[in-house]
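Structure, as structure tokens:
The values are calculated or read from the model by the stated rules, or taken from the named source; none is laboratory data. Note that the structure is a prediction, hence the values are computed from the model and not measured. Virtual Cβ from ideal backbone geometry, glycine too; neighbours counted across all protein chains shown. Just the protein is used for accessible areas: all its heavy atoms, side chains included, with ligands, DNA and RNA removed. Shrake-Rupley method; radii C 1.70, N 1.55, O 1.52, S 1.80 Å.
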Amino acid sequence: MGPWGVTYPAYLTPDDDTGIGSWTEEQFSIALREGRYKGIKTTRQLLPPMPWDMYSHMTDQETKAIYAYLKSIKPIDNLVPNPVPPTHAMN
Ligand code: HEM
């Protein structure tokens with residue numbers, strides 16, 4: 001929780017529905033380095049504390065290595081809640 005409300009960290013196993021199973025390597029790198037939800041350039045900016053601003057310095061090799069590792073682990077179905085804006089979070 002912070003001034004932005006309440007956020008829940010992304011679930012990053014390669015599950016098709018709730019994880020990064022259907023994401024391309026390109027999407028993963030956009031999420032990580034440009035802070036875009038689902039790695040699509042036109043979606044909302046990812047909220048704190050996801051440190052994407054710092055990750056903007058990652059190289060292609062680094063984002064590809066993280067993507068390859070995450071795609072290699074067991075997919076688990078786990079839906080993470082949507083962020084809650086501050087007005088609701090403070091109730
Ligand atoms: C190499 C390390 C990390 C990777 C690969 C990573 C990856 C990601 C990705 C791909 C998303 C977007 C998920 C989506 O769009 O559905 C995300 C969101 C998020 N991450 Fe990270 N992350 C990392 C480190 C961190 C750290 C260190 C924190 C907090 C201390 C964090 C907190 C969050 C939060 C709260 C969100 C959700 C933000 C929102 O809903 O707007 N992440 N992360």
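Structure data summary
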item	result
Restricting the range 1-61 to trypsin sites (Lys or Arg not before Pro) in coil, as DSSP defines it, with at most 11 other Cβ within 10 Å	41, 44
Per-residue ³J(HN,Hα) for the range 58-74, Karplus 6.51 cos²θ - 1.76 cosθ + 1.60, θ = phi - 60°, Hz, x for Gly and Pro	5, 8, 4, 4, 5, 5, 5, 5, 5, 4, 4, 5, 4, 5, 8, 8, 5
Built amide H within the under 5 Å cut-off of residue 6, gap 5+	84
Those aspartates and glutamates that a straight Cα-Cα span of less than 19 Å connects to residue 71, excepting residues fewer than 8 apart in one chain	15, 16, 17, 25, 26, 60, 62
Solvent-accessible area, 1.4 Å probe, carbon plus sulfur percent, for the chain	60 percent
Kirkwood hydrodynamic radius over Cα pairs of the chain, then Stokes diffusion coefficient at 20 °C and 1.002 mPa s, in µm²/s	155 µm²/s
Protection-proxy order for peptides 76-84, 11-19, 45-53, 24-32, each taking the mean of Cβ atoms within 10 Å per residue, highest first	24-32, 11-19, 45-53, 76-84
Rel. contact order, % - alpha carbon contacts under 8 angstrom, at least six apart, the range 33-91	24 percent
Accessible area per residue, Å², the chain with all protein chains present, probe 1.4 Å	68 Å²
